[in-house]
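Shown next, in structure tokens, is the structure this report addresses.
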Amino acid sequence: MAPSRNGMILNPHFHKDWQKRVRTWFNQPARKVRRRKARQAKARRIAPRPVAGPLRPQVRCPTIRYHTKIRAGRGFTLEELKAAGIHKKTARTIGIAVDPRRRNRSTESLQANVQRLKEYRSKLILFPRKASAPKKGDSSEEELKMATQLSGPVMPIKTVHKKEKARVISEDEKNFKAFASLRMARANARLFGIRAKRAKEAAEQDVEKKK
């Protein structure tokens, strides 16, 4: 940074042996190859399971700033699994993430995730532990032949934005005064207790007068 006006003369310390402290990154391209090979090896190892891991729930981001956004959460709640008719121990074995600490704070999120679980269960191809002795709930031989490994996230979450059609502004909307309404609402909230107290006192005085 260049000196500005009649300030103090800068005293930069450039006599240190800075070349010893330089961090090089020459192994970056080789690391990139190594990571890619590790991903491919993992995909072959866990095949035909999805590469991206288990199914995640649909949750809202915390705080008032981000709560309009929907993203993938850690795991499904026990309540959601119960509503979908899946046991909590069975869920982990069929590729469903479980989070016993999360709570359902609204009916909408509960229903959305229950629907998500039901949809996943209908699409799921379940391999039998023993090919010679398939159990109830396992997929048929035709479905097993159709099975392929999913590379992307399982049932990715898509945000749908509803567009409103253009319309004529009504007279009520034209006459509506937003600022005045907000100020009035704030005043009513602030004076609620005082007004209730005065009304109570006035009612008590009327009762005394009637006596």
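Per the listing V160, V154, the residue uniquely part of a loop (DSSP other than H, G, I, E, B) and either open to solvent by 100 Å² or more (accessible area, probe 1.4 Å) or among the small types (G, A, S) (or both) is V160. S106 fulfils the conditions (1) open to solvent by 100 Å² or more (accessible area, probe 1.4 Å); (2) within 30 Å of V59 (Cβ to Cβ); (3) polar (S, T, N, Q) except for a single criterion, (1).
For region 5-18, check the following and say yes or no: at least one residue is at pLDDT 95 or above and part of a helix (DSSP H, G or I). Within region 5-18, not a single residue is at pLDDT 95 or above and part of a helix (DSSP H, G or I). Does G137 qualify as being touching a residue at least 40 places away in the same chain (Cβ under 8 Å), assigned to a loop (DSSP other than H, G, I, E, B) and of a type in the set (G, A, S)? It is false that G137 is touching a residue at least 40 places away in the same chain (Cβ under 8 Å), assigned to a loop (DSSP other than H, G, I, E, B) and of a type in the set (G, A, S).
Applying the condition of being modelled with pLDDT of 85 or more and open to solvent by less than 50 Å² (accessible area, probe 1.4 Å) to region 124-142 and asking which residue is nearest to Q58 (Cα to Cα) yields L124. Got a sec? Which of R121, R116 is surrounded by 14 or more Cβ atoms within 10 Å (Cβ to Cβ), in contact with a helix residue (DSSP H, G or I) (Cβ under 8 Å, 6 or more places away or on another chain) and closer than 17 Å to P54 by Cα? Among R121, R116, only R121 is surrounded by 14 or more Cβ atoms within 10 Å (Cβ to Cβ), in contact with a helix residue (DSSP H, G or I) (Cβ under 8 Å, 6 or more places away or on another chain) and closer than 17 Å to P54 by Cα. Residues in region 56-90 that are among the charged types (D, E, K, R) and either in a strand (DSSP E or B) or exposed (fewer than 14 other Cβ atoms within 10 Å of the Cβ) (or both): R60, R65, K69, R71, R74, K82, K89. Within region 163-209, being outside any helix (DSSP H, G or I) and exposed (fewer than 10 other Cβ atoms within 10 Å of the Cβ) holds for K163, E164, K165, A166, R167, V168, I169, S170, K177.
Quick one: is I46 modelled with pLDDT under 95 and surrounded by 10 or more Cβ atoms within 10 Å (Cβ to Cβ)? For I46, the condition - modelled with pLDDT under 95 and surrounded by 10 or more Cβ atoms within 10 Å (Cβ to Cβ) - is met.
Take the conditions (1) within 18 Å of the chain's Cα centre (by Cα); (2) touching a residue at least 12 places away in the same chain (Cβ under 8 Å); V51 misses just one of them, which is (1).
Here V59 clears all of (1) of a type in the set (A, V, I, L, M); (2) touching a strand residue (DSSP E or B) at 6+ places or on another chain (Cβ under 7 Å); (3) within 21 Å of F127 (Cβ to Cβ) except the condition numbered (3).
Residue count for region 1-48, restricted to those that are β-branched (V, I, T) and within 35 Å of the chain's Cα centre (by Cα): 2. Listed conditions (1) more than 25 Å from V160 (Cα to Cα); (2) at pLDDT below 95 are all met by G53, apart from (1).
The values are calculated or read from the model by the stated rules, or taken from the named source; none is laboratory data. Just so it is clear, the structure is predicted and the values come from calculations on it, not from any experiment. Note: ideal-geometry Cβ built from the backbone for every residue, glycine included; neighbour counts use all protein chains shown. Ligands, DNA and RNA are stripped out before the accessible areas are found, and what is left, the full protein with its side chains, is counted by its heavy atoms. Shrake-Rupley method; radii C 1.70, N 1.55, O 1.52, S 1.80 Å.
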